[in-house]
Ligand SMILES: [Zn+2]
Ligand SMILES: [Zn+2]
């Protein structure tokens, strides 16, 4: 893939506290790409070739439609539809080929922004591992995080054992910190959700909900890395 447009200093992300730091990283990258794609990238033919081919997922179309200029969205859509006309749709009574059906399947799941996020997060994780090895202060910032969500726990640990990951002498410390960040929050959620369920017992009517009222929504975020829209 081409070089990143992402300009996020990793320390800025870890200086903040609240939620999962890798989710915050993802959100920043996502916002930059959504703005880029309906802005500067409109004039970049090489990017348009890729976005015509990959398109976007539902979530990212929604973000683009809510923040991008109407004409940019229409122009992006026009050439994306044209790509689908040319590559996937048979004409007249022709039977769709296996390749065309495979292309349709890919078209439904591919997303330029999702791919860029994945690429850039992996790129930033290289810096994360270097910081972890070299900067004791960075470890302290990591320890102070609220939690690491389940998806990003997996991502960090897959990265940690890959090339350029965590050095073997640091592995124990890395596991101790990241296990605590994921496990402690998981235990807290379990406690909160359990408390929430007991509040439906008539014997607890009028009792204290404690920190349980949004525990199911917080659990969804922990399990999926995505916020739940406010439930009315
Ligand atoms: Zn996360
Ligand atoms: Zn996407």
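Read-outs throughout are calculated quantities, based only on the coordinates presented, and are distinct from any laboratory measurement. None of the values given here were measured: they were computed from a predicted structure. Here the Cβ is made from the backbone with ideal geometry for all residues, glycine too, and neighbour counts use every protein chain on show.
Figures for the structure shown
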{"read-out": "Helix 112-134 vs. the chain, principal-axis angle (Cα, 0 to 90°, nearest 10)", "value": "40"}
{"read-out": "Kirkwood Rh and Cα Rg combined as Rg/Rh, the chain", "value": "1.06"}
{"read-out": "Paramagnetic reach from residue 77 in segment 26-61 [backbone N under 15 Å; point 7 Å along Cα→Cβ]", "value": "38, 55-61"}
{"read-out": "Nearest-ten-degree value, helix 58-67 long axis tilted from longest Cα axis of the chain", "value": "80"}
{"read-out": "Within the chain, helix-based [θ] at 222 nm, where runs of 4 or more DSSP H residues each add -39,500 (n - 2.57), nearest 500", "value": "-21500 deg cm²/dmol"}
{"read-out": "Rg over Rh, two decimals, segment 64-199 (C-alpha only, Kirkwood Rh)", "value": "1.17"}
{"read-out": "Cα centroid separation, segment 9-72 to segment 164-232 (Å)", "value": "28"}
{"read-out": "Gain in span if fully extended, residue 202 to residue 144, counting 0.36 nm per residue against the direct Cα distance", "value": "17.0 nm"}
{"read-out": "Dmax and Rg, reported as Rg then Dmax, of segment 167-232 (C-alpha, Å)", "value": "16.2, 54"}
{"read-out": "Rounded FRET efficiency, nearest 0.05, which uses the C-beta distance separating residue 214 from residue 15 and R0 of 22 Å", "value": "0.30"}
{"read-out": "Residue 162/residue 224 FRET efficiency (R0 30 Å; Cβ-Cβ; nearest 0.05)", "value": "0.80"}
{"read-out": "Rounded tilt (10° steps) of 98-109 against the dominant C-alpha axis of the chain", "value": "40"}
{"read-out": "Contact order relative to length of the chain, as percent, for alpha carbon pairs under 8 angstrom and 6 or more apart", "value": "22"}
